[in-house]
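Participant: I'd like to ask some things about the structure below.
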Amino acid sequence: MDNFQVYRGANEPTVYFLCAGRELNKFPKKENERLFYGIFDFGGGTTDFSFGICKYIGESSNRHDYEIIHFGDDGDKYSGGENILKNLAFEIFKKKYSILTQISNNINNLNDSTEEIDRIIKNRKKEKLLKCLQIIDKDIIDIYINDEEIFVEKETLKEFIPISSIGDGMVLALDIIISLILADDFKVILIDEIERGIYYKNYRKLSEIIIELCKNNQNIQLFITTHSKEFLEVFNESLLEFEKNNFSLFSLRNKKEKLDFVHYTSEELKDTLEMGWDPR
């Protein structure tokens, strides 16, 4: 290796062009026929690029078949795969910021929920709370509070774990369930954008819990806002199985800078959805 020397070389994008051109059989075959190329190499940290012309000279040259005229090459250290992923993650975060902060606020508000769960236990309503939680997660067999944190026991684990470890959706569902069980203290309950943080496959379970807890309480007024057509459909289907007369949907519309609304009964919403119309 003492005498090993490299006299000429090529940058990576140009080598990629040569390999791709041969593999795809794109090289020119007539004298002076030209192929213009531009190669972008998206690496882990940077993006390199190279531009040039490939010309066939096989008839006029005894040594080479092709001549590469290299225009230039450069790189962008901020356009590599890692940086693209970082930027993509940031853009996703910006779009999901309101959901993430809502979840964070719910987790931070668990301290308030511990006091409410303590009241539920003292009022001998713990069994009702457990039955509601078991609709969402059948493995939950017990719940208790300790040091301002909420723990649940799961049959599969045989130990108490923080309820927040099950998922953010469970924390949000718990907050709704607690409010409905203590409905004597909350005559009017507002649930804003109920679909946020709740897994769509749990829409029906949560709807059934809400309806079951409300149906025997004539004093409670429940207001739910949602942008989810799927939740509307599931909630209305659950209503049809119990009592549909106590349901009203108001779809708010902005017409010429004036707020307007369309009212639907449960049956009207059902017909609207079956015809494929969007009531939102």
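Participant: Out of all the residues in region 131-152, which are within 16 Å of THR114 (Cβ to Cβ) and either surrounded by 17 or more Cβ atoms within 10 Å (Cβ to Cβ) or modelled with pLDDT under 85 (or both)?
Facilitator: LEU133, ILE143, TYR144, ILE145, ASN146, ASP147, GLU148, GLU149, ILE150, PHE151, VAL152
Participant: Restrict the check to region 155-167 and report whether at least one residue is in contact with a strand residue (DSSP E or B) (Cβ under 6 Å, 6 or more places away or on another chain), in a helix (DSSP H, G or I) and not assigned by the TED database to the domain that holds ASN246.
Facilitator: yes
Participant: I've got another one for you. With (1) part of a strand (DSSP E or B); (2) surrounded by 14 or more Cβ atoms within 10 Å (Cβ to Cβ) as the list, and PHE250 as the residue in question, which single condition is left unmet?
Facilitator: (2)
Conditions tested, residue by residue: (1) of a type in the set (Val, Ile, Thr); (2) in contact (Cβ under 8 Å) with a residue 40 or more places away in the chain; (3) farther than 29 Å from LEU239 by Cα.
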| position | (1), (2), (3) |
| --- | --- |
| GLU149 | no, no, yes |
| THR156 | yes, no, yes |
| ILE166 | yes, no, no |
| GLY169 | no, no, no |
| ILE181 | yes, yes, no |
| GLU208 | no, yes, no |
| ASN216 | no, no, no |
| ILE220 | yes, yes, no |
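Participant: Within region 1-55, work out how many residues are hydrophobic (A, V, I, L, M, F, W, C), touching a helix residue (DSSP H, G or I) at 6+ places or on another chain (Cβ under 8 Å), modelled with pLDDT under 80 and not in a strand (DSSP E or B).
Facilitator: The number of residues fulfilling the criteria is 1.
Participant: Would it be correct to say that GLU233 is part of a helix (DSSP H, G or I) and either over 26 Å from ILE143 (Cβ atoms) or of a type in the set (S, T, N, Q) (or both)?
Facilitator: Spelling it out, GLU233 is indeed part of a helix (DSSP H, G or I) and either over 26 Å from ILE143 (Cβ atoms) or of a type in the set (S, T, N, Q) (or both).
Participant: Checking ASN216 against (1) over 18 Å from CYS132 (Cβ atoms); (2) loosely packed, with under 13 Cβ neighbours inside 10 Å; (3) modelled with pLDDT under 80, which test does it fail?
Facilitator: So the condition that ASN216 fails would be (1).
Participant: Going through ARG196, ARG124 one at a time, which residue ends up being surrounded by fewer than 17 Cβ atoms within 10 Å (Cβ to Cβ) and either assigned by the TED database to the domain that holds SER266 or in a loop (DSSP other than H, G, I, E, B) (or both)?
Facilitator: After applying the criteria, what remains is ARG124.
Participant: Looking at LYS270, LYS244, which one is modelled with pLDDT under 85, in a loop (DSSP other than H, G, I, E, B), of a type in the set (Lys, Arg) and surrounded by 11 or more Cβ atoms within 10 Å (Cβ to Cβ)? Walk me through how you get there before you give the answer.
Facilitator: Details: LYS270 fails: in a loop (DSSP other than H, G, I, E, B).
Criteria check complete, one pass: LYS244.
The values are calculated or read from the model by the stated rules, or taken from the named source; none is laboratory data. Because the structure is predicted, anything quoted here is derived from the model rather than measured. Cβ: placed from backbone, ideal geometry, glycine included. Neighbour counts: every protein chain shown.
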